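Please read the structure below before turning to the comments.
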Amino acid sequence: MSESALRIRGLRKAFPKVVAVAGVDLEVARGEVFGLLGPNGAGKTTTLEMIEGLTLPDAGEIEVLGRTWAREGKEIRARIGVQLQSTSLFNRITVREALDLYGTYYPKARTTADLLDLVQLNDKADAYHVTLSGGQQQRLALALALVNDPELVFLDEPTTGLDPQARRSLWDVVRRMKAEGRTVLLTTHYMEEAEALCDRLAIMDHGQVIAAGTPASLIAQLAIPSVVELTFDGDAPDPAAFAARLGGPVEQRADLWEIPTRDPKALLPRLLETAESEGVPYQQVHVRRATLEDVFLHQTGRSLRD
Amino acid sequence: MLMMIWRQFVMEWKLYLRDKGAMFWTFAFPVVMLLGFGIIFRGGGGPKLTVVYVQPAAQSTRDAALLKAMEEVQLKVLPLAPAEAEARWAHGETAAEVLPEGEGYRIRLNSYLMAQGGPTAGLVNQAWLLAQARLNGSPEPRRIPVSVESPGGKKASNYAAFLLPGLLGLNLLSIGLFSVGMVNVSYREKGKFRRLAVTPLPKWIFLLGQVLQRLTISLAQAVVLLIVGWLAFGIRNQGSYLDLVVVMTLGTACFMSFGFALSGFAETSETYAAIANLFFFPLMLLSGVYFTLDSAPHWLQRSVAFLPLSPFLSTLRAVFNDGAGLAGHGMGLLVVGAWALGAFLIAVRRFRWN
Ligand SMILES: Nc1ncnc2c1ncn2[C@@H]1O[C@H](COP(=O)(O)OP(=O)(O)OP(=O)(O)O)[C@@H](O)[C@H]1O
Ligand SMILES: [Mg+2]
């Protein structure tokens with residue numbers, strides 16, 4: 001039995017007008033929770049769907065649980081669980097029927113009652129799929145991904161569209177899966193989620209992995225542990241003149257400036273003084289630790305939710 | 001595995017029963033068709049042929065004799081003044097008219113409506129021979145006696161009885177091509193199968209579940225049509241019900257699989273609609289749904305016997321209208337069965353989840 005749950009080499013996929021995945025290598029160990037981050041159109045879904053056997057790659061090798069699609073497709077399908085980015089079921093199937101039916105496709109299946117509890121859809125068990133809200137459909141999709149008690153679970157944006165409470169309960173589900181020794185590969189647009197859940201991450205952009213590692217190592221690689229923020233009432237003004245006087249980079253965001261620094265203690269007095277003499281109409285000053293979001297901005301030059 | 005097929009089958013039925021609109025139309029449409037056609041052709045061999053008789057200025061004994069003879073040969077005579085007759089002709093409504101000309105008459109036929117005009121001209125000439133003999137006092141020409149029988153000799157049935165099996169067949173073809181094939185393409189387009197694609201469910205079980213469910217719907221539909229045909233027009237199955245079920249089951253399996261197979265060749269619903277029509281109209285026109293092909297070229301008749309609809313209909317008619325057994329129709333059943341199996345295999349091969 002191989003040590004990795006997943007091993008990918010040189011994965012490529014081109015659509016008629018765009019190269020969606022341009023040579024991706026990934027290795028996910030058994031029992032790991034692995035996160036795939038990246039802006040819209042980075043190629044996350046395409047990568048996942050090639051791994052899941054839904055999309056045929058143009059090139060590259062995929063080994064899932066030590067098996068390849070060409071020879072052991074049926075066995076792979078029996079042992080993985082998949083939540084697609086959007087799951088479209090027949091309109092008039094009820095939640096309970098869908099869970100029962102999908103259970104019959106697998107050699108072993110968790111009970112429907114169990115799954116309903118897990119995703120808290122008990123009171124919607126007999127509602128038709130079309131009548132569910134977006135978040136409820138998302139939770140049903142999660143339950144379907146777990147119906148066969150899978151060893152390896154793929155979750156494509158599992159918390160998009162969930163309310164804060166449902167999001168927390170999904171986190172619990174993922175943590176429990178990890179505790180049970182399962183492997184999880186998930187995508188997300190939420191940095192705090194990636195930090196909270198993932199053992200390791202890969203940041204994708206333009207079809208390639210541009211950075212990978214543990215959340216802590218990625219932040220450490222930035223070598224800019226802190227960020228000072230000046231917030232404004234309304235849009236932030238152009239920081240060019242201010243940056244010149246300060247003698248360092250100032251990033252302009254919607255309603256704030258961000259000034260990355262290694263040493264906030266030394267920077268702050270000088271910064272406030274400069275702001276005062278320039279007449280910068282700022283409201284408040286915050287100092288915070290650099291986060292994955294800063295890593296992401298630094299790596300892709302874009303905000304995640306652009 | 002049988003259990004999986006059964007679960008799939010039951011689920012398809014549940015989903016179908018919940019879609020009340022679709023259910024209503026699958027049953028209402030063929031019934032409406034049958035009632036419509038049945039009422040139009042209720043009289044038996046279709047309505048009488050109509051001939052416009054352009055009235056001369058003054059009616060002679062010769063004119064009177066012709067009119068009487070035309071009634072006798074079962075023509076529907078419509079006497080009109082010259083101006084009215086001309087207006088009707090100009091509108092294109094007249095298939096055949098008799099006009100006085102010189103010492104005699106002339107028959108004018110509408111080149112667009114020769115199917116009615118041709119036989120009408122023949123009947124008018126027959127009436128004229130009769131009228132002449134009477135006017136000359138010579139013995140009336142004797143006609144060859146005509147008897148009307150159904151080919152199997154079971155019972156002299158009418159056109160509606162011929163049509164009912166045709167409609168059953170047409171209905172199967174249209175369910176197969178449009179409600180099975182089309183629905184599958186549009187489900188695939190909407191991504192309804194993608195979630196199934198990542199489960200170990202084999203395609204053929206999924207497809208077989210659907211085929212079996214459509215099969216039972218079609219059989220139920222056939223039962224409804226047969227009951228309506230019986231109650232409204234007194235058309236009854238002359239053969240054994242077991243044979244009827246065998247033929248219907250085989251035919252349904254064939255056309256359902258045919259629709260599935262075609263759906264594997266189109267990416268979008270629009271492409272599919274074009275492809276399906278490409279098959280639907282030739283099959284409908286060439287396979288003897290409404291009329292037989294006995295005046296078509298020989299090679300065409302031979303080829304049509306190898307398409308699925310024609311052998312299905314002739315076997316169905318032999319059983320249903322003439323009470324024949326299946327023994328004499330082995331070849332036809334074989335052709336339909338081969339199409340069913342071939343189409344199902346192609347369907348499984350070509351089927352894609354997304
Ligand atoms: N079926 C398809 N046909 C053509 N282009 C496609 C197809 N699927 C994806 N693409 C393109 O491939 C690129 C990558 O898409 P993908 O869905 O993998 O991105 P993503 O990282 O999942 O984005 P998001 O965060 O918005 O879900 C995009 O430019 C997209 O337009
Ligand atoms: Mg995506």
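A few comments on the model shown:
- Count of the range A:158-215 residues which are within 16 Å of ligand 2 (Cβ to nearest atom), at positive phi and either over 14 Å from the mean Cα position of the chain (by Cα) or among the aliphatic types (A, V, I, L, M) (or both): 2
- Flag for A:G66 being at pLDDT below 95, facing chain B (nearest Cβ under 9 Å) and out of contact with any Phe, Trp or Tyr (no Cβ under 9 Å at 6 or more places or on another chain): no
- Considered as a group, the residues in the range B:1-39 that are of a type in the set (V, I, T) and within 14 Å of chain A (Cβ to nearest Cβ) include one that is nearest to A:P107 (Cα to Cα), and that residue is B:I5.
- A residue that is under 30 Å from A:H129 (Cβ atoms) and open to solvent by 20 Å² or more (accessible area, probe 1.4 Å) occurs somewhere in the range B:29-47.
- The one condition in (1) at pLDDT 95 or above; (2) within 14 Å of another protein chain (Cβ to nearest Cβ); (3) within 16 Å of ligand 1 (Cβ to nearest atom) that A:G81 fails to fulfil: (3)
- Apart from one condition, A:I203 fits all of (1) out of contact with any helix residue (DSSP H, G or I) (no Cβ under 7 Å at 6 or more places or on another chain); (2) of a type outside the set (D, E); (3) within 15 Å of ligand 1 (Cβ to nearest atom); the exception is (1).
- Qualifying residue in the range A:49-62 (condition: within 15 Å of ligand 1 (Cβ to nearest atom), open to solvent by less than 40 Å² (accessible area, probe 1.4 Å) and under 22 Å from A:G161 (Cα atoms)): yes
- Residue in the range A:149-164 that is modelled with pLDDT of 90 or more, in the same structural domain as A:E75 (by TED's automatic domain parsing) and in a helix (DSSP H, G or I) present: yes
- Verdict on A:R71 being open to solvent by 60 Å² or more (accessible area, probe 1.4 Å), out of contact with any Phe, Trp or Tyr (no Cβ under 7 Å at 6 or more places or on another chain), away from ligand 1 (no atom under 16 Å from the Cβ) and more than 14 Å from chain B (Cβ to nearest Cβ): yes
- Cβ-Cβ under 8 Å pairs, at least 6 apart or on other chains, the range A:43-60 side hydrophobic (A, V, I, L, M, F, W, C), far side within 8 Å of ligand 2 (Cβ to nearest atom): A:L48/A:D156; A:L48/A:T187
- Within the range A:189-215, the set of residues being open to solvent by less than 10 Å² (accessible area, probe 1.4 Å) and assigned to a helix (DSSP H, G or I) comprises A:M191, A:E193, A:A194.
- Yes/no for A:S133 being open to solvent by 20 Å² or more (accessible area, probe 1.4 Å) and either within 12 Å of chain B (Cβ to nearest Cβ) or not hydroxyl-bearing (S, T, Y) (or both): no
- None of A:L26, A:L37, A:L11, A:L6 is away from ligand 1 (no atom under 16 Å from the Cβ) and either more than 14 Å from every other protein chain (Cβ to nearest Cβ) or open to solvent by 10 Å² or more (accessible area, probe 1.4 Å) (or both) except A:L6.
- Single residue of A:A243, A:A236 found to be open to solvent by less than 50 Å² (accessible area, probe 1.4 Å), in a loop (DSSP other than H, G, I, E, B), farther than 30 Å from A:G134 by Cα and not assigned by TED's automatic domain parsing to the domain that holds A:G43: A:A236
- Top-ranked residue of the range A:112-125 - restricted to ones that are in a helix (DSSP H, G or I) and in contact (Cβ under 8 Å) with a residue 40 or more places away in the chain, ranked as farthest from the other protein chains (Cβ to nearest Cβ): A:L118
- All conditions in (1) surrounded by 18 or more Cβ atoms within 10 Å (Cβ to Cβ); (2) within 16 Å of ligand 1 (Cβ to nearest atom) hold for A:L101, with the sole exception of (2).
- Only one of the listed residues (A:K44, A:K124) is in the same structural domain as A:R176 (by TED's automatic domain parsing) and more than 16 Å from ligand 1 (Cβ to nearest atom). That residue is A:K124.
- Apart from one condition, A:Q138 fits all of (1) more than 11 Å from chain B (Cβ to nearest Cβ); (2) assigned to a helix (DSSP H, G or I); (3) away from ligand 2 (no atom under 16 Å from the Cβ); (4) farther than 23 Å from B:F351 by Cα; the exception is (3).
- Residue within the range A:151-164 that is of a type in the set (A, V, I, L, M, F, W, C), within 26 Å of B:Y16 (Cβ to Cβ) and either crowded, with 16+ Cβ neighbours inside 10 Å or more than 14 Å from chain B (Cβ to nearest Cβ) (or both) present: no
- Among the helices (runs of 4 or more DSSP H) confined to the range A:1-111, the ones with at least 3 residues that are within 16 Å of ligand 2 (Cβ to nearest atom) and of a type in the set (S, T, N, Q) are located at A:44-51.
- Test result for B:R317, out of contact with any Leu (no Cβ under 6 Å at 6 or more places or on another chain), among the basic types (K, R) and buried (at least 21 other Cβ atoms within 10 Å of the Cβ): yes
- Unique residue being within 16 Å of ligand 1 (Cβ to nearest atom) and either open to solvent by less than 70 Å² (accessible area, probe 1.4 Å) or more than 14 Å from chain B (Cβ to nearest Cβ) (or both) when the list is A:L170, A:L218, A:L186, A:L146: A:L186
- Filtering B:F344, B:F281 for residues that are in a helix (DSSP H, G or I) and open to solvent by less than 60 Å² (accessible area, probe 1.4 Å) leaves a single hit, B:F344.
The values are calculated or read from the model by the stated rules, or taken from the named source; none is laboratory data. The structure presented is a predicted model; accordingly, all values stated were derived computationally and were not measured. Note: ideal-geometry Cβ built from the backbone for every residue, glycine included; neighbour counts use all protein chains shown. Quick note on the areas: whole protein, heavy atoms, side chains included, nothing else; ligands and nucleic acids left out. Shrake-Rupley method; radii C 1.70, N 1.55, O 1.52, S 1.80 Å.
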